[in-house]
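Single-structure report; data block below.
The values are calculated or read from the model by the stated rules, or taken from the named source; none is laboratory data. Just so you know, these numbers come straight off a predicted model, no measurement behind them. So basically every Cβ, Gly included, is an ideal-geometry build from the backbone, and we count neighbours across all protein chains shown. These accessible areas exclude ligands, DNA and RNA; they are computed on the full protein's heavy atoms, side chains included. Shrake-Rupley method; radii C 1.70, N 1.55, O 1.52, S 1.80 Å.
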Amino acid sequence: MGNWAELPEDLLVLTAKRIALFEDFLSFSGVCRSWRSVAINDHFRGSEQIPWLMLSEKDKPDERQFVSLRKGGVIRKINLPEARGKRCLESLGWFVTISEDGDMSLLHPFTRAKINLPHVTTFKYYDLDSLEYICSKKDCMKNHHGFIQKAVLSSCPKESNDYVLVVIYTGCGILAFWRPGDKSWTDVEAGITSFSDVIFHKGLFYGVIRGGMVFAFDPWGSNPTRPWLVLLRGPRMGGTAYIVKSAGVVLMIFPKYESTVIDYEEVDYWVCGFKVFECILGETWVCVDKTSLGDNALFLGDNASISVDASRFPVIKANCIYFTDNFKRRGGSYCMGIYDMEDGSLMRCYEGESSSLIFPPTWVNPSSF
């Protein structure tokens, strides 16, 4: 048959269901109108994916560019005016967007599905005076881009309405959550701040503070705002702590930084390595040093932390940490890369340049919903 557009629909559906990678699914949808119709009606069924790197905003503010580690360059340019001028934090393939004025939403970058979220002024500890200054060469101004530090979903919003979105807000690192139908954000009353990351694991959320102390909480429980301590004596590494599920275990990761004094007002930082611990779960947790990730690779940054089985994807380097540093530090090549756990070396994850204090590069877990 010479005309690909005339292939039977049932054959196209069977083909679509056998596609394992989302970037191949997008290529399938771009062949012609009939193939795209099948791609739309038969949403992607793939499971674990290779994360994409979304680059900082460039000359076209409505366009977002995505880099494939598999293909080594920009594979997708998406017109996404809904994200124009907004910071994007990623979880399960969705963005939590924050505008300069404090408007928030859940946004799916590939379907453009959008769910409005309560404004930042509905947070319990919202304070205009506490907002950080964002400085450019022209001026310094306060805005809301940096108000949210992290965002994590319990499940994809389109799977059911029983999901929860947890965020860490303000530079103080306060936990809060939102459920569909809520008109404001609800604080988790931990009696402590400085949370730096959070995961959803076996029906509960776990938040880690800088230094390694871990609290658990249940937004669906009888006392949803009251967390309980599961790890008191963490690794005590100091600084930002990431927490991620990997191969059935929970890991805690601490970046190590080096710095250079540029002048008396400015210091430049960059990641020089990571320290990894495994959390032994029980009524209370215990952390033990972990020197290898085995066949797995971690993806850390402004995204919800991701672990990928590298044995399924030859292009991914096993026993490595792929990272993008958060927007508070300088962007560019020093602030994103690949750290090899075996020999301690650092490599580039993207050969181009992409940096922004407000819209830094971030990992995206691609999905059709």
Could you list, in sequence order, the residues of region 305-327 that are touching a Leu at 6+ places or on another chain (Cβ under 8 Å), modelled with pLDDT under 90 and either buried (at least 20 other Cβ atoms within 10 Å of the Cβ) or not β-branched (Val, Ile, Thr) (or both)?
324, 327
Quick one: count up the residues across region 178-232 that are assigned to a loop (DSSP other than H, G, I, E, B), over 23 Å from residue 242 (Cβ atoms) and β-branched (Val, Ile, Thr).
1
Of residues in region 234-262 being in contact (Cβ under 8 Å) with a residue 12 or more places away in the chain and open to solvent by 90 Å² or more (accessible area, probe 1.4 Å), the one nearest to residue 309 (Cα to Cα)
245
Filter pass, residue 105 being under 24 Å from residue 367 (Cα atoms), at pLDDT below 95 and open to solvent by less than 50 Å² (accessible area, probe 1.4 Å):
no
Members of region 341-369 found to be farther than 18 Å from residue 52 by Cβ, in a loop (DSSP other than H, G, I, E, B) and at pLDDT 80 or above, listed by number:
341, 342, 343, 344, 345
Pick out the one residue from 300, 293 that is at pLDDT 90 or above, more than 17 Å from residue 342 (Cα to Cα) and either open to solvent by 70 Å² or more (accessible area, probe 1.4 Å) or among the aliphatic types (A, V, I, L, M) (or both).
300
The condition from (1) at pLDDT 90 or above; (2) within 20 Å of residue 102 (Cβ to Cβ); (3) open to solvent by less than 20 Å² (accessible area, probe 1.4 Å) that residue 145 misses is numbered (1)
